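Before any comments, here is the structure.
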Amino acid sequence: MRVLIVEDERKLAQVVASALQAEHYDVVVAPTGEDGFLRANAEVFDLVVLDLMRPGRSGLEILQTLRQRHIDTPVLILTARDGVDDRVLGLDLGADDYLVKPFALPELLARIRALLRRGRPSEGLRLKTADLELDLVTRRAIRGERLLELTAREFELLEYLLRHQGHLVSREMLAREVWTEPRRATPLDNVIDVQITRLRKKVDGDGSARLIHTVRGVGFVLREAEP
């Protein structure tokens, strides 16, 4: 499970991160609102722990933008404000839970576990764009009326691209999230490029409109229109 902590209080962020890592969560700490916003939009997380009151981009702005972009990752808000109006505003903007500072660490961990058990209620079991559909239960990929014969790796790669459709996906992101090997002695760039080429032939072959596009020198994007 990957958890993003958006918190500018360094000591608090370290305490929370250490506690989560002790329970075997993969934790990413974003010390600024801008960093947290970019990571939450570009990477896949199972939960976001979001501090509301922060310099620069506010937690409420981050939360509101995520929901407007239909990113349904569960969000647990941390704030020093304990007024009813503040709690209502955060929940109305799409927060899944709310915890007022100072808080007991065991309570925070319990709330995180509860949210992760609940998962993403609005997340479907199928991913779709244009005439491409991915069934996450049967692990079948269909383009129009064609059943795509994908390897396990190609399926994982296509799933990741679909979850980030419309957004640029770098080779570094794919190495970390799909191959789960971010610290290899040699880069995975060539391996990733080969897999993308094979996947593109299966998805965009047979005269179908292109869905998988290469952004030269940067990465890839899955979308209907040409970049």
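Laboratory data are not the source of any read-out in this text; all were calculated from the coordinates shown. Everything quoted here is computed from the prediction, not taken from an experiment. Neighbour counts are summed over all protein chains in view; Cβ atoms, including those assigned to glycine, are modelled from backbone coordinates with ideal geometry.
Miscellaneous remarks
- Counting only alpha carbon atoms, the long axis of helix 33-42 and the longest principal axis of the chain meet at about 30°.
- On Cα atoms only, tilt of 105-118 relative to the major axis of the chain in degrees: 30
- Judged by the ratio a/c of the largest to the smallest principal axis of the C-alpha gyration tensor, region 8-63 counts as oblate, that ratio being 1.5 or greater while a/b is no larger than b/c.
- Bridge type composition, the chain - antiparallel percent by DSSP, nearest 5: 50
- All Cα-Cα separations within region 135-227 were binned at 5 Å from zero, giving a P(r) of 2, 13, 25, 27, 19, 9, 3, 1, 0, each value a whole percent of the pairs.
- Of the Cα atoms belonging to the chain, the radius of gyration and Dmax stand at 19.2, 59 Å.
- With respect to the chain, whose longest principal axis is taken over its alpha-carbon atoms, helix 189-204 is tilted by about 70°.
- FRET efficiency, residue 101 to residue 125 (Cβ-Cβ, R0 45 Å, nearest 0.05): 0.75
- Under 17 Å from the Cα of residue 128 - lysines, other chains or at least 8 residues apart: 202
- Of all lysines in the structure, the ones whose alpha carbon falls short of 29 Å from that of residue 101, not counting any fewer than 8 places away in one chain, are 11.
- Reciprocal mean inverse distance between Cα atoms of region 2-118 - Kirkwood radius, Å: 13.9
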